[in-house]
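The values are calculated or read from the model by the stated rules, or taken from the named source; none is laboratory data. Please read these numbers as outputs of a predicted model, since none were measured by experiment. Backbone-built Cβ (ideal geometry, glycine too); neighbour counts: all protein chains shown. In case anyone asks, the SASA skips ligands and DNA or RNA and just uses the protein heavy atoms, side chains included. Shrake-Rupley method; radii C 1.70, N 1.55, O 1.52, S 1.80 Å.
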Amino acid sequence: MKTTHKEVLFGLYDDESVLLHAVHKAKHDHLEIMDVFTPFPVHGMEEALHLSESRLHIAGFIYGAIGALTGFMAMTWIFTRDWPIIFGGKPYWSVPAFIPITFEMTVLFASVGMVVTFFTVSGMGFGVTNPTLDDRITDDKFCIAFDVSQSEEEEVERLKGFFRESGASEVSTKTI
Amino acid sequence: MSAAVSAIREPLITGGKTYHDITEDICAPTERTPSRAWIIAFIFAVSALAFYAFCVTWTVWVGIGSWNLNRTINWGWDITNFVWWVGIGHAGTLISAILLLFRQRWRTGVNRAAEAMTIFAVMCAGQFPLIHMGRLWLGFFIFPYPNTRGPLWVNFNSPLLWDVFAISTYFTVSLLFWYTGLVPDFATVRDRAKGWRKKMYNFLSLGWTGSAKHWQRFESLSLVLAGLATPLVLSVHTIVSFDFATSVIPGWHTTIFPPYFVAGAIFSGFAMVQTLMVLTRKVLNLQDYITLEHIDYMNKIILVTGTIVGVAYLTELFIAWYSGYVYEQFAFYNRVMGPYFWAYIGMMSCNVLSPQLFWSRKLRRNIWLTFLMSIFVNIGMWFERFVIIVSTLARDYLPSSWSYYSASWVEVGLFIGTLGLFFTFYLLFTRVAPVVAVAEVKSILKLAGDQYAGKEHTGKHPESADAHSHGGH
Amino acid sequence: MNQFTLQSRQRTFLIGFMLLGLLCMVITYLTDDALHTRFWTNYLHNTVFFLGIGFISLFILAAFTTSWAGWYVGMKRVWESFSLFLIPGLVLMVPIILGLWGHFHHLYHWADKAEVAKDVILTGKSGFLNPVWYTFGTLILVGAWIFFALKIRQLSVLEDTQGKGVADDFSIHRWIRFWSAVFLPIAGFSSAALIWQWLMSVDSHWYSTMFAWYTGASWFVSAMALTILLLVYLKGQGYFVHITTNHFHDLGKFLFAFSVFWTYLWFSQFMLIWYANIGEETIYFHERMTNYPALFYGNLILNFVLPFLVLMRNDSKRKTGIMVTGAVITFLGHWLDFFLMVKPGARHTAMEALASHGGHGEGAASHALSVAAGFSYPGLLELGTMLGFLAFFLYFVMTRLEKASLLPYNDPYLQETTHHAVWPYAEHE
């Protein structure tokens, strides 16, 4: 993706409610939105863009289960097979005493796993520079972007018309 | 989030801010040269940190004998400080996780700084179990790895080892939670910066763009992390309480310890948040984001948790009598009337009695009193741990070994030193990162900004209501 | 439909179950041992269980009000009605109190003066464990709760007609908040004292500082479960149209979260006692693990494992069928939890009393007890008794629901509750 350059036409909006209207309008007009960029999460955007539900929590559950099993099985193996020792008259396999560490391992695996997964699937990480369209998107501008690399002139004009009608305050192009 | 907001709710962002104002106001402190107040505070903090390094070196060089611990009282200031710091380290995750789950919007004003505080407090806490081993360089023994002389492992049945897992997990998860929340805000700073600062924030912001899909995943991640961090934050102080409660020492072995330690931790954590917020909002000019409303809410939490702790104190006293177990009865008699009665009085008056002032709305919104009370609570909660640890150990089963303990200068120095460590990090944090969560505050502006919310308005802003009706299409 | 009316069909149905409960209690009484242990333990068990649901509902209302919650006000009439059950609850406590004075039950070991005299521990506790404290503690403290329940209810209903909203700065709501805030610390201190007397003193030698909070958490989950069941039913009848899937989602979160919280308290109490292994304390769990294993482990399965698995996902909290399943499981589970708190201790007391009074008791020795319906597991009579109490509770609650509009028209948070949405779901989903 990074090797090929994209020609992007984007419009900036001043308010998230205008943006939401615009997104609905774009969907209604069957325009293919490349992406929407906002300074903060705008509620209602998932439905407007028809984004599929995030599956991050499922990954989190799996990581947590692995963590729980790792912790519990490790302690079980160590205290019943590898080096069985009686502590305080308790049985080798003292389940109640294993619960705290099992719990901590569950949370540790789930959290670390999810955060790493989140940044990886979102293409982020230390040292990564993803192209941005406008510096004000992280401040107070709300942006809809269209990929116009392969678009005809009239298609671009149509998109510009869309921006005008939907209340964009600025429209420009950028190659990223 | 529902777009309808009751008119009874007070605004949480004042000054009629726009999105751009929010960016400007909150990012500004990272972009200008430090104020004189900051520089003076930083010099103090770094000096204390240097003294800390000196005291640690002294402890290692001379040995743990430079502390005043003795055979009877073998835990003193060290573990008191440990528990105190861990407790303080609870408010951040509470604010960011539990209040997120409870949809308390006011958390956005204070969560960032509170989370940072949490991380630094846990770092301070982590020092003490290591130093109190005396031989610092053997600290890695606490981690589970098979011993070189054979498959001899650490004791997984010991609450002290549970602590190792709990504290390190808590530190890791808090750090991830905090940093993930910071990424969009670092991107905001990045997009305003020039030169080397741009490079630095570009590195720190991990390539954040603000794409809709990323925000969706980001929110999902925040919710699940909050769901994980909530039981985690409970577990950490629970496990710290297990250090005491699994024993058979009267005064330590009591089943209410886990929830009561957690309540006490939240209590002391909020007190420290208040101490920092009262100063931070003034010095960095953030009164429009950390409003009197925020201070009021936090004082209410201090009142609630202080009273919960009070219920627990009285429960302990009562059940000690009720148990009919003479050692238990003596342990509590000794707490109240024994040689350390002054610590008990300090604990009761700072933790249970004085927070009752906060029943008055007027006092809850008094900045000076809030600051004073936050210091009181910090002191009271330190006394609580001191009472539990030292007054209990001083009178054990064998009267011939009864003893009295007061700290040496090294122990006091270590405590002051960790305060230096804490404030050094906190002061650096206020220079590098936006101390209020920029994106989160923006996301509640139309629900809680003073031009949209409050009595003067119908409680339903036309624009946001409009946006909402389209959300359901 | 914001005005609820109890139809004669429903009335007949509920009265039928109340009669069934009464019949079960009579049969229990007649077929019981000489001390009527099974009858009295059932009576105490159900009274405390349902009285506690009333108490904790008031606590929930007060806590939500003081924390400025808005989403719940559409269902606050339900909790108001639950909290008024404190009144019949207190009446139900009267026979137990009278029994302490008249010695016609042997629920509490400490109520037997002769036993106390030869028992050092019980003598030491007699300053607290005595009929006077029990009587006046119950009457005064539950009386105080009733005062708050009535006060909050009265103001809440008054707001429907007199509330002026912004015009008078929500003054009635502010009064509700005032009384709620005053109630919270009182509830915190007083509930502990009563729980020790009503329940913990059944095992009169045993003590645990956690016990009161643990019991409170159990009540909380039961109240949430019952709320969900009642709302699902009433919504099916066409009431509570303003309660949407989003509200059930939040109730489900509370059911889930407090099931986990209950487990946390259970584990903390159990593990600490197991770990320290002090005889005076472990006896409580030892007794339950040896003689009541099905109940002991079933408790954990019903109240932790099943609700945890059933309610973990977001979508499952938005499906009526799953929510009803979860609520039924936890409701029965916590009812069993209280069963397990009451039965073993009282059974032990009764056996000792029967042995010393020359009856046919099995003796007080700690050998394995025989499996007996009504003690080792709840028999059909227990189930019938519970249904009777439940029917009485619901009958009372529904007659209270009739007395006020189901939607509090002038509540400051009305807009918030009727437009409630839980992210990422939309309002009308």
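Over the Cα atoms of chain C, the radius of gyration divided by the Kirkwood radius equals 0.98; this is the Rg/Rh ratio.
Can you compute log10 of I(q)/I(0) for the stretch B:315-369 with the Debye formula, treating each Cα as one identical point scatterer, at q = 0.31 Å⁻¹? Debye output, listed in q order: -1.12.
Under 12 Å from a label point 7 Å along Cα→Cβ of C:Q10: give me every residue in the stretch C:206-240 with its amide N that close. Residues passing the 12 Å test: C:230-240.
Of the complete DSSP H runs in chain C, those spanning 27 angstrom or more by Cα along the long axis with a mean Kyte-Doolittle score not below -1.0 are C:8-30, C:37-66, C:143-162, C:171-198, C:211-236, C:245-276, C:320-356, C:380-402. Accessible area of C:M289 (1.4 Å probe, protein heavy atoms only, ligands and nucleic acids ignored): about 70 Å².
Between C:E402 and A:E32, the simple spin-label model (points 7 angstrom out along Cα→Cβ) gives 6.5 nm.
The mean sequence separation of alpha-carbon pairs under 8 Å and at least six residues apart, normalised by the residue count of chain B, gives a relative contact order of 35 percent. Taking the average, over residues, of other Cβ atoms within 10 Å as the packing measure, peptides B:224-232, C:72-80 rank C:72-80, B:224-232 from highest down.
Listed by chain and number, the lysines whose C-alpha is less than 16 Å from the C-alpha of C:K118, apart from same-chain residues fewer than 8 away, amount to an empty set.
For the stretch A:56-121, the calculated P(r), taken from all Cα-Cα distances in 10 Å bins from zero up to the bin holding the longest distance, is 23, 39, 23, 13, 2 percent. Counting, for every residue in B:17-24, the Cβ atoms of other protein chains within 10 Å of its Cβ and taking the mean gives 4. Chain B against chain C buries an accessible area of about 4800 Å², both chains summed, 1.4 Å probe radius.
Near the amide H of A:D35, within less than 5 Å, lie the amide hydrogens of A:A145, all on another chain or at least 5 residues away, with H placed in the peptide plane. Could you identify which residue out of A:G44, A:G64, A:G88 has the top mean-square fluctuation in a GNM of chain A using Cα springs shorter than 10 Å? Of A:G44, A:G64, A:G88, the Gaussian network model singles out A:G88 as fluctuating most.
Any chance you could give the angle, 0 to 90 degrees and rounded to 10, that helix B:212-245 forms with the longest Cα principal axis of chain B? Between the helix axis and the principal axis of chain B, the angle is about 20 degrees.
In terms of distances greater than 21 angstrom between alpha carbons, the cross-link table entries C:K76/C:K253; B:K17/B:K455; B:K300/B:K362; B:K446/C:K76; A:K141/A:K174 yield B:K446/C:K76. Per-residue packing, averaged as other Cβ atoms within 10 Å, sorts the ranges C:388-394, A:47-53 into the order C:388-394, A:47-53, beginning with the highest. Span-like helix check, chain A: qualifying full DSSP H segments, with Cα axial length of 27 Å or more and mean Kyte-Doolittle of 0.5 or more, are A:56-77, A:95-121. Once the Kirkwood radius over Cα pairs is known for chain B, the Stokes-Einstein relation at 20 °C and 1.002 mPa s delivers a diffusion coefficient of 90 µm²/s.
Taking every protein chain into account, the accessible area of the stretch A:56-121 amounts to 46 square angstrom per residue (probe 1.4 Å).
Just want to confirm a number: the relative contact order over the stretch A:56-121, from Cα pairs under 8 angstrom separated by 6+ residues, in percent. So the answer I get is 56 percent.
The packing ranking, built from the mean of other Cβ atoms within 10 Å per residue, places the peptides A:168-176, C:36-44 in the order C:36-44, A:168-176, highest first. Per-residue shielding of A:13-22, expressed as the average number of other chain Cβ atoms within 10 Å of the residue Cβ, stands at 4. Rounded to the nearest 10 degrees, the inclination of helix B:36-62 to the longest alpha-carbon principal axis of chain B is 30 degrees. Our summary gives chain C a relative contact order of 33 percent, counting only alpha carbon pairs under 8 angstrom and 6 or more residues apart.
Comparing C:G127, C:G326, C:G374 in a Gaussian network model of chain C (Cα springs below 10 Å), the most mobile by mean-square fluctuation is C:G127.
Across the accessible surface of the protein assembly as shown, with the other protein chains kept in place and a 1.4 Å probe, carbon and sulfur atoms take up 69 percent. Nearest 10 degrees is fine. How inclined is helix B:438-448 to the longest principal axis of chain B, computing both from alpha carbons? Tilt relative to chain B: about 70 degrees.
Mean per-residue shielding of peptide B:292-305 is 1, counting Cβ atoms of other chains within 10 Å of each Cβ.
Derived value for the stretch C:28-164: Kirkwood hydrodynamic radius 17.2 Å. Basis is the mean of 1/r over every pair of different alpha-carbon atoms.
Centre-to-centre, using Cα atoms only, the stretch C:97-164 and the stretch A:127-175 are separated by 71 Å.
Counting charges near B:R217 (Lys, Arg +1; Asp, Glu -1) among other residues having Cβ under 12 Å from its Cβ returns a value of -1. Taken across both chains, chains A and B shield about 5900 Å² of accessible surface from a 1.4 Å probe.
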